[in-house]
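First the structure, in the form of structure tokens, and then the observations on it.
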Amino acid sequence: MLRAFPAVLLALVLAGPTAAAEGSTPPYESDLLRLAELLGGLHYLRPLCGMTAEQQSWRGEMQALIDAEQPSDTRRGKLIAAFNQGYGSYAQVYRTCTPAAAQAVARQLDEGARLAHEIVVRYGGN
């Protein structure tokens with residue numbers, strides 16, 4: 001089974017009462033931007049490394065986060081820029097799936113799972 005971090009679950013938790021008030025920046029913003037960057041990297045690397053069934057799933061996870069957060073235009077732009085940065089940074093380095101690319105995928109999945117868990121634990125509780 002895919003070792004994906006639960007971005008949609010995270011999105012649902014963040015959409016709850018702890019979500020930032022309109023126009024404000026939530027306390028988990030830096031973690032959320034890093035998560036968006038990880039999603040972008042996975043969007044590039046997973047299909048490159050043979051997971052073609054995931055062609056759009058990471059973009060879908062990113063969209064779920066944006067939909068749940070309902071960020072201001074400025075925050076939305078930052079989240080999208082972080083996703084694109086993650087995608088672009090790996091697209092510049094890897095053209096084929098190498099052992100280093102596969103290791104990068106594993107590291108991103110682990111970091112994403114850890115970040116998602118920490119955000120939910122710290123900011124998703126009632």
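Here Y87 fulfils each of the conditions (1) in contact with a Phe, Trp or Tyr (Cβ under 6 Å, 6 or more places away or on another chain); (2) surrounded by 19 or more Cβ atoms within 10 Å (Cβ to Cβ); (3) modelled with pLDDT under 95 apart from (3).
Is it true that some residue in the range 71-79 is farther than 21 Å from M51 by Cα and outside any helix (DSSP H, G or I)? So that I can check it myself, show each step before the final result.
Let us first name the residues in the range 71-79 that are farther than 21 Å from M51 by Cα, namely 71-79.
Next, only the ones that are outside any helix (DSSP H, G or I) stay: 71-72.
There is at least one residue in the range 71-79 that is farther than 21 Å from M51 by Cα and outside any helix (DSSP H, G or I).
Name the residue that is nearest to the chain's Cα centre (by Cα), counting only residues in the range 81-116 that are among the hydroxyl-bearing types (S, T, Y) and assigned to a helix (DSSP H, G or I). Applying the filter and picking the extreme gives Y87.
Hey, among R95, R46, which residue is more than 20 Å from G124 (Cα to Cα) and either modelled with pLDDT of 95 or more or surrounded by fewer than 18 Cβ atoms within 10 Å (Cβ to Cβ) (or both)? Please lay out each step first, then the result.
Details: R46 fails: either modelled with pLDDT of 95 or more or surrounded by fewer than 18 Cβ atoms within 10 Å (Cβ to Cβ) (or both).
Exactly one of R95, R46 is more than 20 Å from G124 (Cα to Cα) and either modelled with pLDDT of 95 or more or surrounded by fewer than 18 Cβ atoms within 10 Å (Cβ to Cβ) (or both), namely R95.
Just one of the listed residues (G124, G60, G23) is modelled with pLDDT of 85 or more and of a type outside the set (A, V, I, L, M), and it is G60.
The one condition from (1) touching a Lys or Arg at 6+ places or on another chain (Cβ under 7 Å); (2) over 19 Å from P27 (Cβ atoms) that L115 does not meet is (2).
For the range 65-73, check the following and say yes or no: at least one residue is aliphatic (A, V, I, L, M) and loosely packed, with under 15 Cβ neighbours inside 10 Å. The answer is no; no qualifying residue exists. Only a single criterion out of (1) over 17 Å from V105 (Cβ atoms); (2) modelled with pLDDT under 60 is not satisfied by A4, namely (1).
The values are calculated or read from the model by the stated rules, or taken from the named source; none is laboratory data. Note that this is a predicted model, so its numbers are computed, not measured. Neighbour counts run over all protein chains shown; Cβ positions are idealised from the backbone, glycine included.
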